[in-house]
Amino acid sequence: DTGVSQDPRHKITKRGQNVTFRCDPISEHNRLYWYRQTLGQGPEFLTYFQNEAQLEKSRLLSDRFSAERPKGSFSTLEIQRTEQGDSAMYLCASSSAGTGEQYFGPGTRLTVT
Amino acid sequence: QKEVEQDPGPLSVPEGAIVSLNCTYSNSAFQYFMWYRQYSRKGPELLMYTYSSGNKEDGRFTAQVDKSSKYISLFIRDSQPSDSATYLCAMKFSNYQLIWGAGTKLIIKP
């Protein structure tokens, strides 16, 4: 399978715990994006990497959120001290530097109890 | 007012009908326009990607962009029950950031 993959697919955690999600982009894509989506809404942009450099981070993203892409391949998104409002689908997408068409993974569904 | 407006539906049509899905937008700087299909609890799947005004056809799908009216459409011909999903429009605001509609839920009745 050469698509974008995400792990885990589902995560249930208690409020206050830390969680980490992983994204493996399409191998030839140098751009990687994280989004958050809640029910009935379109995806909300969180952050963007070109290779290993994090070039943009949404102003809406609190300091509890951090993302890395250490070798310009896979990426991790960590949420510290989770809150119930963090419950959402976390989506990863990747694209090449050309037309920039973004291809999405299946998402990680987070439930904070 | 949101930058991209999309009727949430649901839109229910009989199998075989032609479906028309639409988005309006306010920012004339948008140049790239996309349609994604999203099944329940799955990630969005890119259907159509168009640049500037005009039409683009791919199988049963046609994307139409009218920049003068700030209006984009997706037409689905010979609709099938497997087309039942949420359809999201997205537009490129800058080199990378997509601005999204909220999605229209489409139901194709057998």
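Of the residues making up the range A:63-95, just one is exposed (fewer than 14 other Cβ atoms within 10 Å of the Cβ) and either of a type in the set (S, T, N, Q) or within 12 Å of chain B (Cβ to nearest Cβ) (or both), namely A:Q84. If you check A:Q80, A:Q50, which single one turns out to be of a type outside the set (V, I, T) and at pLDDT 95 or above? Every option except A:Q80 fails the conditions. When the residues of the range B:1-33 are filtered to those that are under 26 Å from B:S82 (Cβ atoms) and among the acidic types (D, E), the one that is modelled with the lowest pLDDT is B:D7. The set of residues in the range B:33-80 that are more than 14 Å from B:K92 (Cα to Cα), among the charged types (D, E, K, R) and touching a residue at least 40 places away in the same chain (Cβ under 8 Å) comprises B:R37, B:R77, B:D78.
Annotation for the range B:91-107: at least one member residue is loosely packed, with under 14 Cβ neighbours inside 10 Å, free of Cβ contacts under 8 Å to residues at least 12 places away in the same chain and either more than 17 Å from A:F104 (Cα to Cα) or of a type in the set (V, I, T) (or both).
Scanning the range B:1-36 for residues that are over 19 Å from B:I76 (Cα atoms), away from chain A (no Cβ under 12 Å) and either among the basic types (K, R) or in a strand (DSSP E or B) (or both) yields one hit, B:Y25. The set of residues from the range B:1-34 being exposed (fewer than 14 other Cβ atoms within 10 Å of the Cβ), under 14 Å from the mean Cα position of the chain (by Cα) and polar (S, T, N, Q) comprises just one member, B:S20. Per the listing B:I99, B:I72, B:I76, the residue uniquely under 21 Å from A:S94 (Cα atoms) and of a type in the set (V, I, T) is B:I99.
The values are calculated or read from the model by the stated rules, or taken from the named source; none is laboratory data. All of these numbers come straight from a predicted model, not from anything done at the bench. Note: ideal-geometry Cβ built from the backbone for every residue, glycine included; neighbour counts use all protein chains shown.
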